[in-house]
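**Student:** What follows is a single structure, and I will ask about it in a moment.
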Amino acid sequence: METPGSQTSLHRANLERVVRAVRMAGSLTQAEIARATGLSAATVSNIVRELKDGGTVEVTPTSAGGRRARSVSLSGDAGIVIGVDFGHTHLRVAVGNLAHRVLAEEAEPLDVDASSAEGFDRAEHLVKRLIATTGIGPDKVIGVGLGVPGPIDVSSGTLGSTSILPGWTGINPSEELRGRLGVPVHVDNDANLGALGELVWGSGRGVTDLAYIKVASGVGAGLVIAGQIYRGPGGTAGEIGHITLDEAGPVCRCGNRGCLETFTAARYVLPLLQSSHGPDLTMERVVQLAREGDPGCRRVIADVGRHIGSGVANLCNLLNPSRVVLGGDLAEAGELVLAPIRDSVSRYAIPSAARQLSVAPGALGGRAEVLGALALVLSEMGDSTLMSGVARGATGDSGQSGGALPVTTPAFT
């Protein structure tokens, strides 16, 4: 029997520390594990040997700093995780393993007027189809990360008021998908998942305080404080789109006037150009035309950037993040939008906060949210359960053969 403070419990805790470090990084050398966990090199070496013998990790030769090293990653037989991202007009699903490799990924259009039941039916079908393409049994699914375009009520787990997907308000997304797939489902809003994706694999790597700004049909921010997503007690932290810029401005969907969203979101911006550029204009097309030199599109994007910068300046004054990452189609405009953002930050933020801030485009593009959903599962899963599950797999009880899972697409990065 394990007792608190005993050698057995300490050893178990060290095992879990190593597994957790590898799980969150995808793969690490033994020296990197030692630095991440604070354990000695000898202790790490012994633990890695034990985990390898038990089938929890795989060890492959590599090099680090010109020297031979051993790369440690979780076993391909340890299980798979699923990411599901619902957007205003799309559904995207990804299947990944615990070594941070995407095994299958697909996106399809989603009718904004579709009911929640129809949306979850399509997600269930796509998830099961993608799992089948990997050749891995559904019993190997550890969990699902789910992203939705609206705030999640922390106490009830229901989707708050949103006009992004009409008819979804009051739905409990986690329960809906868990009932269809029969596995744990972790849910968060799309901006938080975009922040998590960029933090782990994108433009937020190496920083502990950042804001991910997503500008699409709405405007939201995912906030990372001390390396953790900050949701607030009610789950509504980061609703930057409803900062008031002009009390006499356009009426926002929230009922107020002149919110940041009414000057930056696609639904408000595109009509400014449709009379001159056609009714089928999209934000993606506006960005493309701006990059090609279209003066009208360049002006609109610059104006949007200045307005976003005003909101970012407020974040700087309140939270003092070290980096802001811009996501969504607008990020593809590069310096056409980033330079005006920086100009507004320089004008409206406290000088010391503005000097410490870097503004960068997202590195993951439209995949940020679905990869963030995979990261959400990886961060929520328990290492103790993982190790016991792998032990069962190593003895043949899982029905799966050992060895690495097939890799059909590049690593998450």
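**Student:** Looking at (1) crowded, with 18+ Cβ neighbours inside 10 Å; (2) in contact (Cβ under 8 Å) with a residue 24 or more places away in the chain, can you tell me which one Gly167 breaks?
**Tutor:** (1)
**Student:** Tally time: how many residues in the stretch 320-339 are among the aliphatic types (A, V, I, L, M) and closer than 19 Å to Leu193 by Cα?
**Tutor:** Residues of the stretch 320-339 that are among the aliphatic types (A, V, I, L, M), as a first pass: 324-326, 330-331, 333, 336-339.
Subset that is closer than 19 Å to Leu193 by Cα: 324-326, 330-331.
The number of residues fulfilling the criteria is 5.
**Student:** Only one of (1) in a strand (DSSP E or B); (2) under 22 Å from Val200 (Cα atoms) is not met by Ala31, so which one is it?
**Tutor:** Here Ala31 meets the rest and fails (1).
**Student:** Next question. Quick check, is Ala69 within 17 Å of the chain's Cα centre (by Cα), modelled with pLDDT of 85 or more and hydrophobic (A, V, I, L, M, F, W, C)? Quick ask: steps written out before the conclusion?
**Tutor:** On the way: within 17 Å of the chain's Cα centre (by Cα): no; modelled with pLDDT of 85 or more: yes; hydrophobic (A, V, I, L, M, F, W, C): yes.
Taking the combined requirement at face value, the residue does not satisfy it.
**Student:** Would you check which residues across the stretch 200-216 are surrounded by fewer than 24 Cβ atoms within 10 Å (Cβ to Cβ), outside any helix (DSSP H, G or I) and in contact with a Ser or Thr (Cβ under 8 Å, 6 or more places away or on another chain) and list them?
**Tutor:** Residues satisfying the conditions are Val207, Thr208, Asp209.
**Student:** So Ala237 ticks every box in (1) surrounded by 15 or more Cβ atoms within 10 Å (Cβ to Cβ); (2) free of Cβ contacts under 8 Å to residues at least 40 places away in the same chain; (3) not in a loop (DSSP other than H, G, I, E, B) but one. Which box is left unticked?
**Tutor:** Only one criterion is unmet by Ala237, namely (3).
**Student:** In the stretch 40-56, which residues are surrounded by fewer than 19 Cβ atoms within 10 Å (Cβ to Cβ) and not polar (S, T, N, Q)? If you could, list the steps in order and put the result at the bottom.
**Tutor:** At the first step, the residues of the stretch 40-56 found to be surrounded by fewer than 19 Cβ atoms within 10 Å (Cβ to Cβ) are 40-43, 45-46, 49-50, 52-55.
Across the stretch 40-56, the qualifying residues are Ala41, Ala42, Arg49, Glu50, Lys52, Asp53, Gly54, Gly55.
**Student:** Moving on to the next point. Here are some conditions: (1) assigned to a helix (DSSP H, G or I); (2) within 17 Å of Leu318 (Cβ to Cβ). Gly197 meets all but one. Which one does it not meet?
**Tutor:** Of the numbered conditions (1) assigned to a helix (DSSP H, G or I); (2) within 17 Å of Leu318 (Cβ to Cβ), the odd one out for Gly197 is (2).
**Student:** Suppose we filter Leu371, Leu326 for residues that are touching a residue at least 60 places away in the same chain (Cβ under 8 Å), outside any helix (DSSP H, G or I), of a type outside the set (D, E, K, R) and crowded, with 19+ Cβ neighbours inside 10 Å; which single one remains? Show your work before the answer.
**Tutor:** On the way: Leu371 fails: outside any helix (DSSP H, G or I).
None of the other options fit; the residue is Leu326.
**Student:** Residue by residue through the stretch 311-323, note down the ones that are surrounded by fewer than 19 Cβ atoms within 10 Å (Cβ to Cβ) and assigned to a helix (DSSP H, G or I). Please lay out each step first, then the result.
**Tutor:** At the first step, the residues of the stretch 311-323 found to be surrounded by fewer than 19 Cβ atoms within 10 Å (Cβ to Cβ) are 314, 317-320, 322.
Those that are surrounded by fewer than 19 Cβ atoms within 10 Å (Cβ to Cβ) and assigned to a helix (DSSP H, G or I): Asn314, Asn317, Leu318, Leu319.
**Student:** Pick from the stretch 108-119 the residues that are at pLDDT 85 or above and touching a Leu at 6+ places or on another chain (Cβ under 7 Å): which of them is nearest to Gly145 (Cα to Cα)? Steps first, please.
**Tutor:** Of all residues in the stretch 108-119, those at pLDDT 85 or above come to 108-110, 116-119.
Next, from what is left, pick out any that are touching a Leu at 6+ places or on another chain (Cβ under 7 Å): 108, 110, 119.
Numbers: Glu108: 18, Leu110: 19, Gly119: 16 Å.
The extreme case among them is Gly119.
**Student:** Also, quick follow-up: Exactly one of these conditions fails for Ala117: (1) in a strand (DSSP E or B); (2) hydrophobic (A, V, I, L, M, F, W, C); (3) under 20 Å from Arg178 (Cβ atoms). Give me its number.
**Tutor:** Here Ala117 meets the rest and fails (1).
**Student:** Can you tell me which of Val269, Val287, Val300 is under 25 Å from the mean Cα position of the chain (by Cα), hydrophobic (A, V, I, L, M, F, W, C) and farther than 30 Å from Leu103 by Cα? Quick ask: steps written out before the conclusion?
**Tutor:** Working: Val269 fails: under 25 Å from the mean Cα position of the chain (by Cα); Val300 fails: under 25 Å from the mean Cα position of the chain (by Cα).
When all the criteria are applied, what remains is Val287.
**Student:** Here's another thing I want to ask about it. Please go through the stretch 134-150 and pick out each residue that is closer than 29 Å to Ala191 by Cα and not in a loop (DSSP other than H, G, I, E, B). So that I can check it myself, show each step before the final result.
**Tutor:** As a first pass, look at the stretch 134-150 and keep what is closer than 29 Å to Ala191 by Cα: 134, 138, 140-150.
Scanning the stretch 134-150 gives Thr134, Pro138, Lys140, Val141, Ile142, Gly143, Val144, Gly145, Leu146, Gly147, Val148.
**Student:** Residues being of a type in the set (Gly, Ala, Ser), closer than 20 Å to His88 by Cα and assigned to a loop (DSSP other than H, G, I, E, B): count how many of those fall in the stretch 256-299.
**Tutor:** Going through the stretch 256-299, the residues of a type in the set (Gly, Ala, Ser) turn out to be 258, 265-266, 275-276, 278, 290, 293, 296.
Next, from what is left, pick out any that are closer than 20 Å to His88 by Cα: 265-266.
Subset that is assigned to a loop (DSSP other than H, G, I, E, B): 265.
Here the count works out to 1.
**Student:** A follow-up question, please. So Ile164 clears everything in (1) assigned to a helix (DSSP H, G or I); (2) closer than 22 Å to Leu196 by Cα; (3) modelled with pLDDT under 90 except one condition, right? Which one?
**Tutor:** Tallying (1) assigned to a helix (DSSP H, G or I); (2) closer than 22 Å to Leu196 by Cα; (3) modelled with pLDDT under 90, Ile164 fails exactly one: (1).
**Student:** Just to check your reading of the model, which residue among Ala78, Ala13, Ala64 is surrounded by 15 or more Cβ atoms within 10 Å (Cβ to Cβ) and within 32 Å of the chain's Cα centre (by Cα)? Spell out the reasoning first.
**Tutor:** On the way: Ala13 fails: surrounded by 15 or more Cβ atoms within 10 Å (Cβ to Cβ); Ala64 fails: surrounded by 15 or more Cβ atoms within 10 Å (Cβ to Cβ).
Sole residue among the options that is surrounded by 15 or more Cβ atoms within 10 Å (Cβ to Cβ) and within 32 Å of the chain's Cα centre (by Cα): Ala78.
The values are calculated or read from the model by the stated rules, or taken from the named source; none is laboratory data. A quick note: this is a predicted structure, and the numbers were derived from the prediction, not measured. Cβ: placed from backbone, ideal geometry, glycine included. Neighbour counts: every protein chain shown.
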